[in-house]
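Take a look at the structure below.
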Amino acid sequence: MITELGHFALILAFMVAIVQAVVPLIGAHLRRPGWMALAEPAATAQFLLVAFSFGALMHAFITSDFSLKIVVDNSHSAKPMLYKISGTWGNHEGSMLLWVLIVTLFGATAAWFGGSLPPGLRARVLSVQSAIAVAFLAFILFTSNPFVRLAVPPFDGQDLNPLLQDPGLAFHPPFLYLGYVGLSMSFSFAVAALIEGRIDAAWARWVRPWTLAAWVFLTIGIALGSWWAYYELGWGGFWFWDPVENASFMPWLLAAALLHSAIVVEKREALKSWTILLAILAFGFSLIGTFIVRSGLLTSVHAFANDPERGVFILMILGVFTGGALMLFAARAHVMEAKGIFGLVSRESALVVNNLLLAVSCFVVFVGTMWPLVAEMFFDRKLSVGPPFFDLAFTPFMVALGLILPVGSAMPWKRASLARAIWPLRYVFVLALAIGGLVFAMQTGRGLVGPVGMFLAAWIVMGALIDIAQRTGRGGNRLGRLMRLPRADWGKLLAHGGLGITMMGIAGLTAWSVEDIRVAQLDAPFEVGGYTLTLDDVRRAEGPNYLSTTGFVTLERAGREIAQLRPEKRIYPVAQMPTTEAAIDYDLARDVYVVIGDPQDNGGWAIRTYIKPLTNWIWIGCALMALGGLLSLSDRRFRVAAGARKPKAQPVAAE
């Protein structure tokens with residue numbers, strides 16, 4: 001009964017979404033307050049209906065209702081409760097329902113907290129947001145219905161992909177979708193502004209909180225996915241430039257560019273057209289990511305390999321929304337005239353360079369991701385574009401970004417002196433250079449990745465500290481002024497500092513990792529990177545829904561025991577699939593990472609050991625970036641209602 005109600009609620013939500021997409025938009029054009037006001041209760045109703053539908057699907061997974069095909073394909077009665085719940089979105093149909101739930105959540109949030117928006121703009125924003133919901137609700141109902149019943153339910157299910165049965169991947173998709181779909185609000189604001197013919201500083205203040213929230217969620221989602229890949233897949237890396245990894249990274253880059261570009265619109269009423277274009281492209285790349293994951297064009301543990309017809313449907317959604325928005329962008333070029341004028345050397349110019357570096361790096365990732373598909377489709381050639389290409393093509397842009405970041409932050413608006421901006425940073429630069437030189441001198445037979453990474457990390461972090469210190473001015477009571485700084489300034493410090501720390505972690509892991517693969521005999525110690533490891537025992541055990549082969553490894557250094565490690569190799573009988581559970585001794589300076597393989601003919605066991613320096617600083621930096629975004633989001637100047645505190649500019653008449 002609950003399942004049928006969930007399906008019915010989804011159909012009702014589709015009908016409400018159609019009304020919300022059409023009536024307020026017409027009302028805004030005809031200036032009818034009653035029609036425009038319909039958007040707010042419709043957005044709330046739409047969200048509640050989709051939430052009930054999603055809850056009904058989750059109930060089916062929790063209770064192991066094997067009359068539903070989706071539960072049979074992705075669950076099992078012996079599965080732990082956490083993975084029964086996460087199984088709701090661990091598949092194509094359920095994840096699309098989660099996608100629509102978040103679309104409607106953002107729409108309802110804009111209705112609840114958008115009281116300071118002009119009625120016409122609010123109605124148009126909610127209509128555009130609902131149009132996105134209409135497209136994806138139609139996709140679910142007509143091609144990917146999660147409530148399909150089986151005439152003869154089986155006794156048990158086929159289980160969820162064992163690789164997805166992990167806490168990291170249970171929480172990774174919701175955060176990632178909050179980021180993906182959150183960019184739909186920036187898109188809706190951009191399209192609504194183009195329709196209305198109003199793009200000004202107030203618009204930038206309204207769009208920034210939504211973009212910032214989406215960027216924070218994307219940061220958390222990407223970091224969780226990277227951490228999961230590191231400890232779960234057993235290969236010792238944190239990023240493989242997999243197409244689905246890239247699909248989440250590209251919107252993140254464009255969202256970061258959009259955040260910085262919107263600052264220029266707010267402060268100087270410049271870069272209007274570029275900011276609107278970034279808002280369109282950021283959501284467009286989110287849709288491209290959805291297409292990559294669900295089109296069946298690639299095989300990945302991240303991907304939902306489905307029939308190409310569904311991919312064509314998503315491609316049509318991408319074409320309609322992105323193509324339509326770009327056509328509107330071209331037609332409304334006359335309303336995006338820049339008012340602010342700034343010099344070649346200024347904070348505005350630094351933000352332009354920042355935008356260009358982020359946008360071009362996104363384009364590089366896009367080309368590397370899509371080129372193998374293009375080559376196979378049009379040239380009948382199978383190509384592989386892997387980490388060497390991305391590392392070589394992408395890294396220079398990030399190095400350039402790190403170099404200009406502290407200098408750009410120190411520049412004043414409108415017109416600046418480069419020498420004056422660099423002068424307070426002179427000691428920081430010399431110290432960062434000394435750190436890089438010291439690292440280069442200490443390492444032997446290594447490349448420049450480590451020293452350059454350490455230099456950039458020190459330069460960015462110390463530059464951010466100098467920037468916050470300069471905001472306190474001169475004279476006494478600097479501590480008091482420091483404590484009274486806006487939260488957005490502290491958020492900027494954490495976000496920029498977090499980027500530097502992440503760069504440090506990536507450089508350390510990339511430059512100084514040690515790898516050892518051998519056949520280890522029981523009770524026979526072996527040395528790896530200054531550590532002594534001993535395989536004491538191997539035992540077989542049975543878990544809730546898997547069979548485990550567990551190694552017992554003693555980790556020592558200089559004769560002192562550091563840790564007891566328990567690497568596992570699991571077999572999931574229902575799915576008939578093995579997984580690797582690495583054992584990791586975590587430390588701020590390094591990780592010792594051990595993986596057990598198959599038994600060998602001579603009685604030993606295959607053991608892979610990695611020494612991973614500074615790895616945890618990657619995720620510490622990501623956490624600081626997300627925390628900085630949240631801190632900025634809490635600043636009263638960046639709340640949705642902030643636009644009400646300034647005089648509203650008169651909208652340009654639409655032609």
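Cut-off under 27 Å on the C-alpha distance; same-chain residues fewer than 8 positions from Lys267 excluded. Which lysines are left, in chain and number order?
Cross-link targets: Lys339, Lys414, Lys492, Lys646, Lys648.
Note down the magnitude of the dipole of the chain about its Cα centre, charges +1 on Lys and Arg C-beta and -1 on Asp and Glu C-beta and zero elsewhere, to the nearest 20 debye.
So the dipole magnitude of the chain works out to roughly 3520 debye.
Assuming 0.36 nm per residue, please report the length gained on full extension of the stretch Leu438 to Arg149 beyond their Cα-Cα distance.
97.5 nm
Place +1 on the Cβ of every Lys and Arg and -1 on the Cβ of every Asp and Glu in the chain, take the dipole about the Cα centre, and give the residue among Tyr231, Val320, Ile140 whose Cα lies farthest towards its positive end.
The residue sitting farthest along the positive end of the dipole is Val320.
Considering only Ala60, Phe366, His76, whose Cα is most displaced toward the positive end of the charge dipole of the chain, charges sitting on Cβ of Lys, Arg (+1) and Asp, Glu (-1)?
Checking the options against the dipole of the chain, the answer is Phe366.
With a ≥ b ≥ c the root eigenvalues of the C-alpha gyration tensor of the range 171-416, is it rounded (a/c under 1.5), prolate (a/b larger than b/c) or oblate?
Note, shape of the range 171-416 comes out prolate.
Can you give the extra length, in nm with one decimal, that the chain gains between Ser77 and Val360 once fully stretched, where that is 0.36 nm per residue apart less the Cα-Cα distance?
Length gained, Ser77 through Val360: 97.1 nm.
Between Leu588 and Lys414, what is the FRET efficiency for a Förster distance of 41 Å, r being their Cβ-Cβ separation, to the nearest 0.05?
0.45
Over the range 554-597, what is the relative contact order in whole percent, taking alpha-carbon pairs under 8 Å and six or more residues apart?
30 percent
Lys and Arg at +1, Asp and Glu at -1: add these up for the other residues within a Cβ distance under 15 Å of Gly87 and post the number.
Summing Lys/Arg as +1 and Asp/Glu as -1 gives -3.
Arrange Trp241, Trp235 by Cβ neighbour counts within 10 Å, fewest through most, would you?
Fewest-to-most ranking of Trp241, Trp235: Trp235, Trp241.
Could the peptides 202-213, 524-535 be put in order, highest first, of the mean number of other beta-carbon atoms found within 10 Å of their residues?
The most tightly packed comes first, giving 202-213, 524-535.
Charges at C-beta only: +1 for Lys and Arg, -1 for Asp and Glu. How large is the resulting dipole of the range 557-604 about its Cα centre, in Debye rounded to 20?
80 debye
Given R₀ = 51 Å, FRET efficiency for Ile62-Val353 by Cβ-Cβ distance, to 0.05?
Calculated transfer efficiency: 0.50.
Taking 8 Å as the Cα distance limit and 6 or more residues as the minimum spacing, I'd like the relative contact order of the chain as a percentage.
13 percent
When you count, for each residue, the other Cβ atoms within 10 Å and take the mean per peptide, how do 341-348, 587-594 rank with the highest first?
Sorting 341-348, 587-594 by mean packing, highest first, produces 587-594, 341-348.
What does the charge add up to near Ala541, with Lys and Arg as +1, Asp and Glu as -1, over the other residues with Cβ less than 13 Å from its Cβ?
Here the count lands on +1.
Report P(r) for the chain: all Cα-Cα distances, bin width 10 Å, range 0 to the bin holding the largest distance, values in whole percent.
3, 14, 23, 24, 20, 11, 4, 1, 0
Place the peptides 17-30, 391-404 in order of packing, highest mean first, counting for every residue the other Cβ atoms within 10 Å and averaging per peptide.
17-30, 391-404
All of the numbers you see were taken from the coordinates with simple rules; none came from a lab. Keep in mind that what you see is a predicted model, and the values were worked out from it rather than measured. Note: ideal-geometry Cβ built from the backbone for every residue, glycine included; neighbour counts use all protein chains shown.
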